[in-house]
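Below: the structure, in structure tokens.
The values are calculated or read from the model by the stated rules, or taken from the named source; none is laboratory data. On a predicted model such as this, the values are computed, not experimentally measured, just so you know. In this analysis, Cβ positions are derived from the backbone assuming ideal geometry, glycine residues included, and neighbour counts consider all displayed protein chains.
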Ligand SMILES: Nc1nc2c(ncn2[C@@H]2O[C@H](COP(=O)(O)OP(=O)(O)OP(=O)(O)O)[C@@H](O)[C@H]2O)c(=O)[nH]1
Ligand SMILES: [Mg+2]
């Protein structure tokens, strides 16, 4: 993890425009990301280009501008809201004389700070090591102390080879541990839950309001905050939905544009709850100017984790910030497809509860009508009575 100054690292943000439509929103998002990582933004450098410069991504003139901003603001780090190649990062660091990180490293850093469960920690470390592996040419500075360490180096091996070998070993170990955890969970989850209770997963872009909605429904205290990636670990609760009985609802990690593929791969276990759910509540910040783009990003990640076939209800959240009232929309077959509500104020929650009961009833009707499910192992046995 990065070393942090007490007041937060001072960051210069770089946002280049290659002709996309939503540059202002991208800039705003990266500033939020930087803030969520604990940095304070001291300058934002923007520029227009047709395509990235192969050596420095930003091009000579812009790099000069960045270097001046670094000196002027005494910055600790330069954050590019783009994916940089290892060579570009190296060239940039030389040119601006300051640490340079890209969007992927920034997101990985936030995840590293938030990870709490052992699963989460393993997954983040794995993703970071994967990302680092391609960057080893830069030298792995925090391993410097192991230079010449007895037993750490084979005959004639360079530091780089030693680093690679250690890294490879660590990655293998982490993968094995994760697989073991996944297997354990798989056995528990599948045998106890399959076809018995309705499993609902909250999905959506980061900051859409998933945890707020989860808390409002279950009276739980899942961490909700105006931060990106406030939630990392999956939390599940039982929820009583009247005649339809219990359902299990899970709050999960949020998605974001260009989610690093290392993370999607590493978070396979966490996202399993999503791909195995019977119903996804796709929570959307309905007042975001880029909500369509955000929804597409979520669909993309869902496809990547094999969850695009799972039934979905879109929850248009934060209606208190707009002018519309709570509502339910059905398709031509009568299936609920969208619900408009405010998780924070509670407006429209009742409609969602009814919708969940409706889907749960369908499941118990069409699914195998088995005995009452054993869901006692679900974390926390907090139950909420939902009057319908
Ligand atoms: N005005 C308004 N704000 C809301 C509503 N729901 C959530 N928020 C706010 O939106 C912010 C993000 O809420 P969270 O519940 O943490 O969002 P999340 O989707 O869980 O975010 P991540 O865990 O970071 O992916 C918080 O500041 C909430 O208070 C709502 O209905 N209306
Ligand atoms: Mg959350």
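Could you please let me know if residue 234 is more than 7 Å from ligand 1 (Cβ to nearest atom), closer than 22 Å to residue 264 by Cβ, in contact (Cβ under 8 Å) with a residue 24 or more places away in the chain and within 12 Å of the chain's Cα centre (by Cα)?
Against the criterion (more than 7 Å from ligand 1 (Cβ to nearest atom), closer than 22 Å to residue 264 by Cβ, in contact (Cβ under 8 Å) with a residue 24 or more places away in the chain and within 12 Å of the chain's Cα centre (by Cα)), residue 234 qualifies.
Looking at the range 17-136, what helices (runs of 4 or more DSSP H) fall wholly within it and have at least 2 residues that are under 28 Å from the mean Cα position of the chain (by Cα)?
Those helices (runs of 4 or more DSSP H) span 23-36, 86-96, 103-114, 118-133.
Would you mind listing the helices (runs of 4 or more DSSP H) fully within the range 195-294 where at least 2 residues are under 27 Å from residue 175 (Cβ atoms)?
Passing ranges, in order: 261-266, 268-275.
Only one residue in 76, 102 is closer than 17 Å to residue 26 by Cα, touching a strand residue (DSSP E or B) at 6+ places or on another chain (Cβ under 8 Å) and surrounded by 15 or more Cβ atoms within 10 Å (Cβ to Cβ). Which one?
One residue alone meets the criteria, 102.
Taking residue 248, is it within 23 Å of residue 182 (Cβ to Cβ), crowded, with 20+ Cβ neighbours inside 10 Å, at pLDDT 75 or above and away from ligand 2 (no atom under 16 Å from the Cβ)?
yes
If you go through the range 212-229 one residue at a time, how many are near ligand 2 (Cβ under 9 Å from one of its atoms), farther than 24 Å from residue 353 by Cβ and surrounded by 18 or more Cβ atoms within 10 Å (Cβ to Cβ)?
1
Could you list, in sequence order, all residues of the range 203-220 that are more than 6 Å from ligand 1 (Cβ to nearest atom) and within 16 Å of residue 248 (Cα to Cα)?
Across the range 203-220, the qualifying residues are 203, 213, 214, 215, 216, 217, 218, 219, 220.
If you check 217, 263, 239, which single one turns out to be in contact with a helix residue (DSSP H, G or I) (Cβ under 9 Å, 6 or more places away or on another chain) and under 18 Å from residue 111 (Cβ atoms)?
That would be 263, the only listed residue that is in contact with a helix residue (DSSP H, G or I) (Cβ under 9 Å, 6 or more places away or on another chain) and under 18 Å from residue 111 (Cβ atoms).
Condition check: in a loop (DSSP other than H, G, I, E, B), within 29 Å of residue 315 (Cα to Cα) and modelled with pLDDT under 75. Does residue 157 satisfy that?
no
Among what's in the range 347-386 and is in a loop (DSSP other than H, G, I, E, B) and in contact with a helix residue (DSSP H, G or I) (Cβ under 6 Å, 6 or more places away or on another chain), pick the residue that is modelled with the highest pLDDT.
Once the filter is applied, the top-ranked residue is 374.
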